[in-house]
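The values are calculated or read from the model by the stated rules, or taken from the named source; none is laboratory data. Computed from a prediction, not measured in an experiment: that's the story for all the values here. Don't worry about glycine lacking a Cβ; one is built from the backbone with ideal geometry, like all the others, and counts go over all protein chains shown.
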Amino acid sequence: MKLKSVYSLLVVFVFLTSCKDEVLPKPKAKLRLEYALGGVRKVETKNFEFAYNDKAQIEKKKESSFVINYPEMKGAIFISYKKVNNNLKKLVTDAERLSYEHAVKAERIQPQVFSNPDSNVHGVLFEVVGNAASQSQFFATDSTQHFITGSLYFYTKPNYDSIYPAASYLKEDIGKIMETLKWKN
């Protein structure tokens, strides 16, 4: 009988002592992705020119369109140029429509009006917040002859939390593109 009670006590002791939560150290911070600032390069076409980040690579598709690739971030800015031929309203409407097509997946779309009267460049940058396919869209024009559109895409399934650092970095690059844009006549 004594042996049976010893085993019973041992089993109860094991159950009572084995049910404690294991204490694990908590990390001091979350992973932070930072991208080095790049230098400046210039791209010139027969219709316009602008400065872009030298960490990127230009891939020309046609005379009127090209892609600025960011291999480190697995992202790209697609740029298209069109001549304005009494169709400015349609070009602006199409650019806005393209931006707001992402509203289905986006939490919100924040338009930011841009104007550089010295270079006669006016446009809008649309920041798309949420798990949309494109995180930024923009257009710029001189209102009489030139019109460009741009879209930022990543070569991965959109997960806003994961791509946010790269999307913010590239949004700044888009801002620099718009700031340095100059038209040629």
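Of the residues making up the stretch 63-111, those that are of a type in the set (Gly, Ala, Ser), assigned to a helix (DSSP H, G or I) and farther than 19 Å from Gly175 by Cα number 1. Residues in the stretch 144-165 that are closer than 30 Å to Asn120 by Cβ, of a type in the set (Val, Ile, Thr) and part of a loop (DSSP other than H, G, I, E, B): Thr144 only.
Taking the conditions exactly as written (at pLDDT below 90, of a type in the set (Ser, Thr, Tyr) and part of a loop (DSSP other than H, G, I, E, B)), does Tyr7 satisfy them or not? Here the answer is no, as Tyr7 does not meet what is asked. Residue count for the stretch 37-54 satisfying the condition of being over 12 Å from Thr180 (Cα atoms), touching a residue at least 60 places away in the same chain (Cβ under 8 Å) and among the small types (Gly, Ala, Ser): 0. When the criteria are applied in full, Ala95 fails the requirement of being modelled with pLDDT under 85 and of a type in the set (A, V, I, L, M).
Looking at the stretch 49-66, which of the residues that are surrounded by fewer than 17 Cβ atoms within 10 Å (Cβ to Cβ) and within 19 Å of the chain's Cα centre (by Cα) is farthest from Pro158 (Cα to Cα)? Once the filter is applied, the top-ranked residue is Asp54.
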